[in-house]
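Right, one structure below, let's go through it.
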Amino acid sequence: NAGVTQTPKFQVLKTGQSMTLQCAQDMNHNSMYWYRQDPGMGLRLIYYSASEGTTDKGEVPNGYNVSRLNKREFSLRLESAAPSQTSVYFCASSRVDYGYTFGSGTRLTVV
Amino acid sequence: QKEVEQDPGPLSVPEGAIVSLNCTYSNSAFQYFMWYRQYSRKGPELLMYTYSSGNKEDGRFTAQVDKSSKYISLFIRDSQPSDSATYLCAMSFSGGGADGLTFGKGTHLIIQP
């Protein structure tokens, strides 16, 4: 049982480049999330999807877009990367009355 | 408002000691409370999940929630060097899905052998 799988694990982008972070879960969870983690700022919610076919903005959505491709997959896209988007990105999933399961993260550096 | 306050530490204690980790929050609408452990360069791992006020025990870990004081705690008994990590408190309004989690910034715990 793999849980939540994120790809890639590491990425370096140049300012202005685009990329998509992939996330897949095999626990049949309805809800999925994208967080970013920065030193001194903690984990902040970027976007979430309460169920297949729906997405909503979190605390820090600017500069990002998401797609809930199906129940298993939830991707995060950076259309034009900026140095301020250098961070560690975590995908998570959850079901009702249970805590969230996180992936191992993607370390993104924008130069 | 979703503020959650957590002392960043580091908190350093000798092996075998009882560890107390705490968070306070300002929004009384939070109903679900969690503790996560995060090792360096890894994703957060769920330790405890509780609903509303009360205590919950799981092995060496006990979580306490006092909603009247807006205060939650995690106790670790017989602490081990392998418990050295960052501990994150988290909370949400709903039981799973509608709003995401609001996290504290984490407490860095060091257990000295």
Item to check | Test: B:R37 is crowded, with 17+ Cβ neighbours inside 10 Å and not hydrophobic (A, V, I, L, M, F, W, C) | outcome: yes
Checklist entry - When segment A:41-53 is examined, which residues are found to be at the interface with chain B (Cβ under 10 Å from one of its Cβ atoms) and outside any strand (DSSP E or B)? => result A:M41, A:A50, A:S51
Checklist entry - Quick one: is A:E59 modelled with pLDDT under 95, in contact with a strand residue (DSSP E or B) (Cβ under 8 Å, 6 or more places away or on another chain) and under 27 Å from B:H108 (Cβ atoms)? => result yes
Item to check | Residue that is nearest to the other protein chains (Cβ to nearest Cβ), among those in segment A:54-66 that are part of a loop (DSSP other than H, G, I, E, B) and closer than 28 Å to B:Y51 by Cα | outcome: A:G58
Checklist outcome for this item: Over segment A:68-102, the set of residues assigned to a strand (DSSP E or B) and either in contact with a Lys or Arg (Cβ under 7 Å, 6 or more places away or on another chain) or closer than 19 Å to B:M48 by Cα (or both) is A:F74, A:S87, A:V88, A:Y89, A:A92, A:S93, A:S94, A:T101, A:F102
Item to check | Pick from segment A:67-100, criterion facing chain B (nearest Cβ under 9 Å) and surrounded by fewer than 20 Cβ atoms within 10 Å (Cβ to Cβ), ranking: farthest from the chain's Cα centre (by Cα) | outcome: A:D97
Item to check | Whichever residue in segment B:58-106 is small (G, A, S) and crowded, with 23+ Cβ neighbours inside 10 Å and, among such residues, is nearest to the other protein chains (Cβ to nearest Cβ) | outcome: B:G100
Checklist outcome for this item: Residue hits (segment A:18-40; within 12 Å of chain B (Cβ to nearest Cβ) and part of a strand (DSSP E or B)) are A:C23, A:S31, A:M32, A:Y33, A:W34, A:Y35, A:R36, A:Q37, A:D38
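The values are calculated or read from the model by the stated rules, or taken from the named source; none is laboratory data. As the structure is a prediction and not an experimental result, all values here were calculated from the model. We place every Cβ from the backbone using ideal geometry, glycine too, and count neighbours over all the protein chains shown.
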